[in-house]
Amino acid sequence: MKSPYPLEERELVVVGAGPAGMCAAETAAACGMDVLLLEESLRCGGQLIKQIHKFFGSLEHGAGKRGFVIAGDLERSCRSRGVEIRTGSPVVGCFNDGRILVRGDEGLYLLRPKATIIAAGATEKPLAFPGWTLPGVMGAGAAQTLMNLSGVLPGKRVAMIGSGNVGLIVSYQLIQAGARVAVVEISAGPGGYAVHVNRLKSLGVPFLFRHEVMGAEGESGVEAILLRDLESGGIKRLPVDCVCLAVGMAPSIELPQMMGCEMAYRQCLGGWLPLHDRHMRTSRSGVWVAGDGAGVEEASVAMEEGRLAAIAVAKEAGRLKEGKARKILEEINMRLCGLRGGPYNCERRQAKEDLMASCVYAGRT
């Protein structure tokens, strides 16, 4: 049966213009490939465009630059390489024959790429409790979007639930915007980097460790949050007008699932994710994944995974000679090993290694 939608043939389609997707598109284009980069929002950059803090790490991954500056640099590099970028173009369906259904400015159309790299990122995990649907309860990422993209302060008295890096960084940005913040954590200590914790402590931010959220109170919006002290069993009422949830991220796996990619569960990487090998190849022929959609890690890791997938695609397409491709892949994997080093990444590093070591697709590991 003939499809009612126009069909477009492409060599490589990259889905998602965050750090992983843009690095994948740029790298593949540099290898001479015809690349189409799709992004559902109106701007490229993904999470980077609302990150106003300066990155630390290596210069290669934007150290010393603010997130939105890194996003702009990557987009300009993609365009200079000849990547075609279509923003405001959400993928609304994928088929296990490789076709992709996209909603564009003039309606729905189909793409049939020879290869696809899915870099769809991750979504915030919710936390359900009595009153969690009240206005003023939101994800930390939503609060960051309101502040840094729309110039709207989500609340003046904020309870940040979760002390991972996202919660700590957004807490600092809330303080910069004029809010008062208290960090609530169910564990006995913080989950994020000490540099972020110490910065907040120096500003007098209270940390309520071993406290569990019991509910939120309010009529037309949040007025207070109820917390249970897990040490004493007592209940505390904290007056707030905003509750931010920073309780983790989950890989966005809908598109690889639609394509029939095999899934695996790794809790420390965010939950369910596409099973993939050391070159980001999935169980579905012609489909690669990269970035937080392949396991939630850091933005620098997402960049390198995008490059890794692109080199593997270019090699398979005959755009790179075997020896050169192997050398580049080894170099990227060495950088990834370095980025995954350190005590904070130990569990995620081991989970990723076990995942990749267990995969053998088309004779490759």
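The values are calculated or read from the model by the stated rules, or taken from the named source; none is laboratory data. Since this is a predicted model, take the numbers as computed values, not measurements. Note that we place each Cβ from the backbone using ideal geometry, even for glycine, and neighbour counts take in every protein chain shown. Ligands, DNA and RNA are stripped out before the accessible areas are found, and what is left, the full protein with its side chains, is counted by its heavy atoms. Shrake-Rupley method; radii C 1.70, N 1.55, O 1.52, S 1.80 Å.
Summary table
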item	result
Pairs, first farther than 10 Å from HIS211 by Cα in region 223-246, second open to solvent by 30 Å² or more (accessible area, probe 1.4 Å) and modelled with pLDDT under 95, C-beta under 6 Å, six or more apart	ALA246/VAL166
Qualifying positions in region 95-128 - at positive phi and not in a strand (DSSP E or B)	GLY98, GLY121
Any chance VAL184 is within 16 Å of CYS242 (Cβ to Cβ), free of Cβ contacts under 8 Å to residues at least 60 places away in the same chain and not small (Gly, Ala, Ser)	yes
Residue in region 252-270 that is surrounded by fewer than 17 Cβ atoms within 10 Å (Cβ to Cβ) and part of a loop (DSSP other than H, G, I, E, B) present	yes
Output for region 194-214, where each listed residue is within 28 Å of the chain's Cα centre (by Cα) and either open to solvent by less than 40 Å² (accessible area, probe 1.4 Å) or hydrophobic (A, V, I, L, M, F, W, C) (or both)	ALA194, VAL195, HIS196, VAL197, LEU200, VAL205, PHE207, LEU208, PHE209, HIS211, VAL213
Top-ranked residue of region 191-218 - restricted to ones that are at pLDDT below 95 and part of a loop (DSSP other than H, G, I, E, B), ranked as farthest from LEU134 (Cα to Cα)	TYR193
Candidates VAL243, VAL183, VAL247, filtered to the one that is among the hydrophobic types (A, V, I, L, M, F, W, C), under 26 Å from the mean Cα position of the chain (by Cα) and either open to solvent by 40 Å² or more (accessible area, probe 1.4 Å) or on the phi > 0 side of the Ramachandran plot (or both)	VAL247
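Matching residues to (1) hydroxyl-bearing (Ser, Thr, Tyr); (2) touching a Cys at 6+ places or on another chain (Cβ under 8 Å); (3) assigned to a loop (DSSP other than H, G, I, E, B):
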site	(1), (2), (3)
GLY21	no, no, no
GLY32	no, no, yes
LEU36	no, no, no
GLU75	no, yes, no
GLY88	no, no, yes
GLY93	no, no, no
